[in-house]
Structures are given as C-alpha cells and as structure tokens.
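Right, one structure below, let's go through it.
The values are calculated or read from the model by the stated rules, or taken from the named source; none is laboratory data. Keep in mind that this is a model prediction, so the values were computed, not measured. Heads up, the Cβs are rebuilt from the backbone with ideal geometry, glycines too, and the neighbour counts pull from every protein chain shown.
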Amino acid sequence: MRRTLTLGGTRLEKFAFKNGKPLPERPLLKKLMEEVDTFLNSGINRVVLLYGLRGVGKTTMLAQLYFKLLGMVRERRILYVSVDEVKMLGFHLPEVFEGYEHAIGERLEELSEPTVFLIDEAHYDEKWDLALKVAYDRARNLMIIATGSSAMEIKLSTDLARRAKKIHVTPLTFTEYLLLKGIHVDERIKSNFRKLLLTGEVDKTGEKIPRVLSSFDPIEVERYLISGSLPLALSSKEPLEEAYSIVERTVHWDLANMGFSREVLEKAFSLMLMLASGESLNYDRLTARLGISRPVLARLFSALEALEVVFPVRAYGSLGKAVRKTPKYKFLAPALRAAILNRFGFLDVDEKTLGNLLEDAVALYLYLMARENLGSVTYDAEKGGADFILSTPRGKVVVEVGWGEKDDRQVRKTMRKIKAERGLVVHGGEVRREGEVIWLPKEWFLLML
C-alpha cells in the first residue's frame, strides 16, 4: 500500500502523457470532473461507476483524473489500484481499503480530508459491488470512482445501484477521434446534423462544412473505421493486434466468468468471425455451422450484447416478428470487426469491407441517439428493405448505408411500408435532397456526434 501511494502517479503517467505532453481529453472527462467538484464542494460520499466495452479508454480517463486531482487534494488522499493486480497478489478489495487505513492512520469513518479512491477493473473482484457499498456506508468524506466492463451494470446490486452514479463510456465517435488528434469540430455543426436526422430541418451551416472537411485528410475516415473507434489507435504501433487482444480477453475472462464451457468459448471466436464476415446469417445456419444448440447460441449472443461487443439491430414490427427474425448484429466498435478479420487474414480494404465497417459506425451513432432520445433502432427484414429504422418520439427515420453512391429505392420502399416521415441515404456521393429523402456524404454523417 505504501508503494501504491508513492508510485501511483508514476504508474499512471504512461496513460495520461506522451513525450511529456498531456494526452487529449475526451469530452466525457469534463462530466466526470463535474462529479468530483460536487463531491469536493459538499463533502458527501459519492460513488461513480464508469462502465463500457474493454479498450474504450476508461483507464486513461482515471489517469487524467488522477493528475487533475493532485491540484485539489493531497497525494496521499488519492488511492489508485488496479484490481487485476490486487487479485494476482491474492487479495480482495476490502483488504485494500484496510491497508489504506493503516497507511494513513485513519479509519474510513474518520477521514479528516477529502479522499478519492480510483478503482480500475473493479469487476475482477467477484464481490466488488458489496466491497464498494460497505466502504461507502462506513466512510465519510470519500469518493469512489470505479471502472469495469459493460457487464458491470448487469451485476450491480440493488443497494449499490441506489447510491452510484453510472457513466457509460462508449467507443469513440469520429469527431472524438479527430479531437484526440487535435482537430476540433464546432458543436453547432454536430448539433445541426443531428437536427437534420431527427427533424429533417437544418440551420445554415453549409458554408462551414468545407472548412471542417479541409481540416483533416479524407483518409482519416478509413482510418477511423478500421481502428480509430478505440483510443489505442492513436498510441499503438499495431492497433488491430491490440484490438484483437480485447476480443481474446473478453472471451477468456468475461465470457468464462459468465459460466460458458471451454468448448463454447472456442465457438465464440468462430461466431465473431462469421459475424465479421458480413454475410447474411440466421439462427438455424449458425447453430448448424457452430455445432451448438439454439439455447446456447442465444446465451452467447446475450452475453456478447451485455459486454457491448455486438449491438443487435432487431426486425421492425411486432414483438413476435422481432423474436422470429434473426437480428443484424453490428460491432459497437468498428475496430473489433476489422481486428477479427485482420487476425484471420480476411481484412481487404475494399468497398464491401469498408461498407460493413461504415454500417457499424452508423449503427453506433443511431444507438447513441436512440439512447439519448428514448428511441429504438431496428431494420426492415423484408427483401429489399432498408438497413436501419430510427424510431423516436419525433417520428421515424429510415436510413440506408453504402460506401459508394446509393439510390433511394430501399429507403422509399421502407418509408411507404412503415409510414416514415423521413429517409436518409449515407453514401459516398454528393449531398442532395429529393422530397423527404436526403443523401448525405458519409463524412458529413460522421460529424454528427
């Protein structure tokens, strides 16, 4: 514990600095700092949980927060621990908290100064939620910020759920990717593109678009789709190899801890390769090719959804229809699809592959907007139907995606069928509008979030 308190900053430097300069910060860090400010101004205990897909930058955010805290509280009042290391040493979180009490000579009930615990990879301790709840209840003047996988939210106990503020850390959007490379996109431009999607209306921003587009090389769109949805793309020499290691850890640790047998874990890699290939698949074909039962396949899909490896786009229509039809599974981070294809030698940077990666990115954007606007994302399961249907209280928007130029036949067919108000074609051509259908260049769409 003494070593942890002494060397905490040294250990975290590599996550927060590069060549002695602070790494760019995601906008989400500002939200986290607001939670810290609330704690410091009130002195009331707080618990914040950062959860999300492995590799989305949660440890980096803790490191950046650590160095910001150094100017606000004393160094010995900031405890950073990575629970995977704690487990490797044969200890558990309650023993970490007890060790901290001995190191500073105060019990948690007696903390005389604002104290912050930064608990990384909390889910490595099977009883992490109970440990945090007990520390919260015992202490005064304590803030706990813990990170974990997306499955963390599922295993959250009712008692801790009432006490904790949850912050979802998602893969990078294209504008966040650009921001981490030092290129800022005006918030008004992003807001206007979202307004265009949700309402069909837009303010006058056309004159600003060329300036934004000229601020980055067009090849950045491909780079973002292939590896840039995960922050490691900006620091790693082999980003796809590192991204695939996320897939391996997800299978060998997260899925294994969910009770899957070794045989099924090996099938999980085959399943993800089949999904990454982009071919049309249904449950019957998957069970036959994988050699597993439908209930096991359903459990596996449910686990991958919970871990946010894949995002299910279900069929539009009644609940019965949605259940009967196999969802279209998109990778929440396009980089995971690219990493899987790369590992097995199938990553061809051609129109088909880039189109599949672009669909992943569009699915991510629609998923985020559906969460923000109390909506849902589905697809038209009929032959010749559109890729996505975004349903919100403001209405329905039909979306079709293609790497090259696209026509509007699929969009208009689905619009007529579901009586949608608007249609959007995300493609590789020019911007134009015909009635209620808008063609939007893929670069423009990616500036939306």
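Observations on the structure shown:
- Answer from Leu273, Leu297 - the residue that is farther than 28 Å from Lys417 by Cα, crowded, with 17+ Cβ neighbours inside 10 Å and not small (Gly, Ala, Ser): Leu297
- Among the numbered conditions (1) out of contact with any strand residue (DSSP E or B) (no Cβ under 8 Å at 6 or more places or on another chain); (2) in contact (Cβ under 8 Å) with a residue 24 or more places away in the chain, the only one that Glu372 does not meet is (2).
Let's see how each residue does on (1) in contact with a strand residue (DSSP E or B) (Cβ under 8 Å, 6 or more places away or on another chain); (2) under 26 Å from Val309 (Cβ atoms); (3) at pLDDT 90 or above; (4) among the hydrophobic types (A, V, I, L, M, F, W, C):
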| site | (1), (2), (3), (4) |
| --- | --- |
| Gly8 | yes, no, no, no |
| Lys21 | no, no, no, no |
| Met33 | no, no, yes, yes |
| Thr60 | no, yes, yes, no |
| Val73 | yes, no, yes, yes |
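- From the list Thr6, Thr10, Thr115, the one residue that fits, being under 22 Å from Ser235 (Cα atoms), β-branched (Val, Ile, Thr) and not assigned by TED's automatic domain parsing to the domain that holds Phe331, is Thr10.
- Just one of the listed residues (Leu265, Leu286, Leu347) is modelled with pLDDT of 90 or more, surrounded by fewer than 21 Cβ atoms within 10 Å (Cβ to Cβ) and in contact with a His (Cβ under 8 Å, 6 or more places away or on another chain), and it is Leu265.
- Odd one out for Asp159 among (1) touching an Asp or Glu at 6+ places or on another chain (Cβ under 9 Å); (2) outside the structural domain of Glu359 (by TED's automatic domain parsing); (3) more than 25 Å from Leu307 (Cβ to Cβ): (3)
- Residue in segment 23-44 that is touching a helix residue (DSSP H, G or I) at 6+ places or on another chain (Cβ under 9 Å), assigned to a strand (DSSP E or B), β-branched (Val, Ile, Thr) and touching a residue at least 24 places away in the same chain (Cβ under 8 Å) present: no
- Close Cβ contacts (under 6 Å, 6 or more residues apart or on different chains) running from residues in segment 54-80 that are in a strand (DSSP E or B) to residues that are among the hydrophobic types (A, V, I, L, M, F, W, C) comprise Ile78/Leu69; Ile78/Val116; Leu79/Phe117; Tyr80/Leu118.
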